[in-house]
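**Q** Below are the structure tokens for one structure; questions will follow.
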Amino acid sequence: MTVSRWERAGTYLVLLLFAGYALYPVLWILFTALRSDTAGQGGWHPENFLTAWTQGRFGDYLGTSLIVAVAVVALSTLLSVLAGYAFGTMRFRGSGALFYLLLLGVTIPSQAVVVPLYFDLRDVGLLDTYAALVLPQVAQSVAFGVFWMRAYFRSSSASVVEAARLDGAGHWQILWRVLLPMGRPAVLTLVVLVFMWTWNEFLLALVMVTDEGLRTAPLGLRFFQGRATTSVPLLAAGSVLVALPVVVLYLFLQRHFIRGMLDGAVKG
């Protein structure tokens with residue numbers, strides 16, 4: 001199909017408009033973080049980041065968020081791969097009903113379960129612990145993870161799996177030595193999504209944790225806002241510090257992430 005010059009120009013114009021719409025808030029908050037706290041005073045002030053880091057104790061909050069995010073990503077990915085393989089390649093009684101029951105976890109928002117979850121964790125003595133931050137988010141992430149990995153395993157080449165079986169490979173070998181190396185984009189896409197969701201989680205940390213030593217980065221930013229309400233540049237610098245790890249991870253894995261999303265859209 002031949003695309004005319006006007007159609008190509010219109011496509012670029014629409015893309016530029018959407019890119020500007022997406023980048024405007026990012027550029028605005030970066031500009032705000034670098035400007036002076038005094039109105040009318042020009043120049044760039046990168047020291048705002050150091051001041052926000054020190055006054056806001058973002059080093060401690062980012063460390064807590066990193067521990068929680070790594071634990072949630074590791075557990076969620078492992079459980080999602082195992083369950084997705086079972087639903088995607090095996091036929092057993094009740095698999096369909098069990099899969100759709102598991103999908104309810106995707107449809108129920110965390111706001112609907114946070115109150116009963118608080119009392120359950122309080123009864124078993126898990127409030128103000130890493131378990132209170134990790135376990136609920138693992139449960140939330142596994143529902144989507146199983147759906148995502150099941151779609152990948154169902155779309156995998158049946159001839160490759162059959163050839164592995166003819167060579168004597170069992171389920172364990174087919175999963176770890178054949179299907180997972182082929183499905184690296186799908187797994188890494190799941191890792192990026194779960195890391196992003198876990199890193200940005202605010203409500204669970206607000207309800208389940210009162211100990212300052214267990215505050216995550218978004219929760220720490222909320223309390224920093226209470227201490228620095230008069231300094232908009234410091235708040236913007238704190239927001240950039242909190243968002244930076246997710247941006248770095250995405251930039252590091254963007255090639256696999258885009259490929260995984262495109263494969264999921266096509267095979268989906």
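The values are calculated or read from the model by the stated rules, or taken from the named source; none is laboratory data. Bear in mind the structure is a predicted one, so any value in this text is a computation, not a measurement. Neighbour counts run over all protein chains shown; Cβ positions are idealised from the backbone, glycine included. SASA here: full protein model, heavy atoms, side chains in, ligands and nucleic acids out. Shrake-Rupley method; radii C 1.70, N 1.55, O 1.52, S 1.80 Å.
**Q** Roughly speaking, to the nearest percent, how much of segment 22-180's 1.4 Å accessible area is carbon and sulfur?
**A** Exposed carbon and sulfur together represent 68 percent of the surface.
**Q** Accessible area per residue of segment 56-105 at 1.4 Å probe, in Å²?
**A** 49 Å²
**Q** Quick one: pull the percentage of alpha-carbon pairs in the chain with a separation above 34 Å.
**A** 36 percent
**Q** Given a Förster radius of 45 Å and the C-beta distance between ARG165 and GLN254 as r, what FRET efficiency does 1/(1 + (r/R0)^6) yield to the nearest 0.05?
**A** 0.80
**Q** Work from the charge dipole of the chain (Cβ charges, +1 for Lys and Arg, -1 for Asp and Glu, about the Cα centre) and give the residue of GLY10, LEU104, GLY94 farthest towards its positive end.
**A** Of GLY10, LEU104, GLY94, it is GLY10.
**Q** Next question, about the same structure. Enter the accessible area per residue of segment 131-268 (Å², integer; probe 1.4 Å; all protein chains in place).
**A** 50 Å²
**Q** OK, next. Let me spell out the model: positive unit charges on the Cβ of Lys and Arg, negative unit charges on the Cβ of Asp and Glu, origin at the Cα centre of segment 141-268. What dipole size does that give, in debye rounded to 20?
**A** It works out to roughly 240 debye.
**Q** Students sometimes get this wrong: rank HIS45, HIS171 by accessible area, probe 1.4 Å, all chains present, largest first.
**A** The ordering from most to least exposed comes out as HIS171, HIS45.
**Q** Determine the share of segment 187-255's accessible area contributed by carbon and sulfur atoms, expressed in whole percent, with a 1.4 angstrom probe.
**A** The C+S portion of the solvent-accessible surface of segment 187-255 is 67 percent.
**Q** At 222 nm, what helix-only mean residue ellipticity would the chain give, in deg cm²/dmol to the nearest 500, using -39500 (n - 2.57) for each DSSP H run of four or more?
**A** -26000 deg cm²/dmol
**Q** By how many degrees, 0 to 90 and rounded to 10, does the Cα axis of helix 130-155 deviate from the longest principal axis of the chain?
**A** Value to nearest ten degrees: 50.
**Q** Using Cα pairs under 8 angstrom and six or more residues apart, how large is the relative contact order of the chain, in percent?
**A** Relative contact order, the chain: 33 percent.
**Q** A further question follows. So, how do all the Cα-to-Cα distances of segment 80-224 break down into 10 Å bins, in percent, from 0 on up?
**A** Bins of 10 Å from zero give 10, 33, 28, 19, 9, 2, 0 percent of pairs.
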